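The values are calculated or read from the model by the stated rules, or taken from the named source; none is laboratory data. A quick note: this is a predicted structure, and the numbers were derived from the prediction, not measured. A quick note on method: Cβ atoms are made from the backbone with ideal geometry, for glycine too, and the neighbour counts reach across all protein chains shown. SASA here: full protein model, heavy atoms, side chains in, ligands and nucleic acids out. Shrake-Rupley method; radii C 1.70, N 1.55, O 1.52, S 1.80 Å.
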Amino acid sequence: MKKNLKYNVVWLLIAALAYAFIYTLYVTGVITPFTEYTLITIGINIMLALGLNLIIGFSGQFSLGHAGFMAIGAYSAAIMSVKYPTMGGFFSGILLGIVLSGIVALLVGIPTLRLKGDYLAIATLGISEIIRIVIINMKDITNGPAGIFGIPPMVNWSMVFGFVVIVTLIIVNFIHSGPGRATMAIREDEIAAESMGVNTTKYKVVAFIIGAVTASVAGAIYSSYVQTIAPKDFGFMKSIDILIIVVFGGIGSVTGTFISAIVLGILNMFLQDAGALRMIIYALALIIIMIFKPGGLLGTWEFSVKKIVKKKEEKTNASIER
């Protein structure tokens with residue numbers, strides 16, 4: 001417990017340095033309103049991809065339903081923010097989205113996570129589409145296909161940065177906890193894990209719920225920042241966009257998810273003026289990476305705070321002995 005606290009403190013120090021660096025860029029005028037949009041989009045994509053990587057990379061379940069849980073969070077925050085245009089209304093919307101997405105993930109996860117491979121992918125895709133269709137048909141609450149306009153802007157880059165840090169700490173601590181190790185054991189060999197007494201369904205559902213909740217939070221932040229949402233924003237292609245970030249960075253690598261979201265975000269920013277060629281160049285870049293690095297940019301490599309702390313401790317002990 002004390003070791004985990006020490007590692008969390010190190011992570012928070014790294015986050016503080018990153019915040020100071022970004023703040024300096026703001027003060028010096030390096031970050032413009034255009035680049036701020038890219039920065040916030042990268043933060044939202046990191047949260048989405050971290051949750052999906054937990055499901056795919058660490059629990060070994062292939063999901064295409066992430067956009068549906070993002071929609072739950074986006075609409076919950078939007079509805080509450082429009083009704084109560086204060087920070088309290090916005091955060092109550094985030095909490096509502098967390099509860100709803102958690103309940104839906106639990107109810108859906110128990111039967112569907114018994115499936116594997118393509119069957120699970122199709123089932124989760126169906127769930128995402130059901131969520132989107134329900135939103136379309138709840139016209140009195142969600143305004144149907146037209147979506148919700150005039151959502152009060154409650155989000156800035158500092159808030160997005162804070163949520164990215166919180167989501168990262170939650171997922172990293174889960175991965176290195178007992179349930180996290182059990183989840184990874186299921187990924188490696190589900191039959192062997194079950195034979196050793198691991199409740200495979202339980203841990204797969206827990207990972208699925210955490211991934212759904214993080215998607216909901218990202219969706220809430222997205223709705224408040226863009227101020228306009230519609231059901232078409234959370235279709236099949238949104239789930240694919242998130243999946244691309246996970247695969248591009250490396251399935252099972254939190255560090256890879258960060259680097260992938262940043263690289264793809266910057267690439268998209270520079271290709272804005274390319275018009276129709278933007279998606280072609282974007283696709284070619286992804287194909288080239290997949291050919292030469294089929295495991296993603298980092299594969300399963302992870303930046304480890306533990307190694308840094310251990311090296312410092314070893315140097316300290318060696319100097320004491322001398």
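Structure notes:
- The residues in segment 197-250 that are of a type outside the set (S, T, N, Q) and open to solvent by 20 Å² or more (accessible area, probe 1.4 Å) can be counted, and the count is 21.
- Test result for residue 206, more than 13 Å from the chain's Cα centre (by Cα), aliphatic (A, V, I, L, M) and not in a helix (DSSP H, G or I): no
- Candidates 186, 210, 170, filtered to the one that is within 23 Å of residue 69 (Cα to Cα) and in contact with a Gly (Cβ under 8 Å, 6 or more places away or on another chain): 210
- Check on residue 191, modelled with pLDDT under 90, open to solvent by 70 Å² or more (accessible area, probe 1.4 Å) and in a helix (DSSP H, G or I): yes
- Answer from 178, 162, 197, 150 - the residue that is within 21 Å of residue 33 (Cα to Cα) and free of Cβ contacts under 8 Å to residues at least 12 places away in the same chain: 162
- So residue 217, is it in a helix (DSSP H, G or I) and either among the hydrophobic types (A, V, I, L, M, F, W, C) or free of Cβ contacts under 8 Å to residues at least 60 places away in the same chain (or both): yes
- Filtered by the rule that a residue be surrounded by 11 or more Cβ atoms within 10 Å (Cβ to Cβ) and under 19 Å from residue 31 (Cα atoms), segment 260-294 gives 261, 262, 263, 264, 265, 266, 267, 268, 269, 270, 271.
- Scan of segment 103-117 for residues that are of a type in the set (Val, Ile, Thr) and open to solvent by 40 Å² or more (accessible area, probe 1.4 Å), ordered by number: 103, 104, 110
- Residue in segment 275-295 that is more than 23 Å from residue 188 (Cβ to Cβ), in a loop (DSSP other than H, G, I, E, B) and at pLDDT below 70 present: yes
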